[in-house]
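The values are calculated or read from the model by the stated rules, or taken from the named source; none is laboratory data. Computed from a predicted model, the values in this text were never measured in an experiment. As a convention, Cβ positions derive from the backbone with ideal geometry for all residues, glycine included, and neighbour counts pool all protein chains shown.
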């Protein structure tokens, strides 16, 4: 064997062995039943009911891009409060909903908008079009999981379980880490939906990794929203008055109607 041929053979061996990757399955060991993973995710969803945090929100859309400081408080099933400010601390707008009604105060124009909490009306003031319950679920890092007629499970070499769910024409792909089953991403096709990717997690209780930074992508509008929580506190006792804001003195009140009137 010539030295050059031996070197090529040695290089090929290094390449093959370098590709080998031992997957960490954590204390549960390898899971072969996808329903076990789905049950863990749903059980974790049930353990988290509310969130309070400050942080940053950035938006990229065909209409433009920008970033804001945020303070938020959310509680299941559909209560949300979101206060925004620019990086100088100037208020840019406050949104609140109790799941039935919503309000948005625009301080620059001193206008207090109010209306029913439909996804279409909320979409006029939020970066993506969501109903209140889905908005709260996503801010809690709990994208709705499809109850599929068909579920397939594969293991990706990066140490990720990939679940492919199908119900009729609707498909959903869920990725979770093999080590602790932390939610990594959820993508849905066949119906309007927001895709979700967890960018960072916090371990807040044993066996409870929660997303502390999220990326939301609405395919319909081409809008991407990134939310990074600064010092999140989950399962807090929320201030219900935040979800039912009243107009400040002197503000002009505009009632928005579902059919586009105001």
Residues of region 66-78 that turn out to be more than 12 Å from residue 52 (Cβ to Cβ) and part of a strand (DSSP E or B), as a count: 4
Members of region 141-157 found to be out of contact with any helix residue (DSSP H, G or I) (no Cβ under 8 Å at 6 or more places or on another chain), touching a residue at least 40 places away in the same chain (Cβ under 8 Å) and not in a strand (DSSP E or B), listed by number: 141, 146, 157
Residues of region 227-261 satisfying the condition of being farther than 15 Å from residue 51 by Cβ, in a loop (DSSP other than H, G, I, E, B) and touching a residue at least 24 places away in the same chain (Cβ under 8 Å): 244, 245, 247, 248, 250, 251, 256, 257, 258
Tally of residues being under 20 Å from residue 127 (Cβ atoms) and not in a loop (DSSP other than H, G, I, E, B) across region 195-226: 18
Selection within region 68-103 - surrounded by 15 or more Cβ atoms within 10 Å (Cβ to Cβ) and over 18 Å from residue 134 (Cα atoms): 68, 69, 70, 71, 83, 84, 85, 92, 93, 94
Restricting region 175-194 to residues that are in contact (Cβ under 8 Å) with a residue 40 or more places away in the chain and in a strand (DSSP E or B), the residue that is surrounded by the fewest Cβ atoms within 10 Å (Cβ to Cβ): 188
Yes/no for residue 51 being in contact with a helix residue (DSSP H, G or I) (Cβ under 7 Å, 6 or more places away or on another chain), at pLDDT 95 or above and surrounded by 10 or more Cβ atoms within 10 Å (Cβ to Cβ): yes
Options 108, 78; residue that is under 16 Å from the mean Cα position of the chain (by Cα) and either farther than 18 Å from residue 215 by Cα or at pLDDT 95 or above (or both): 78
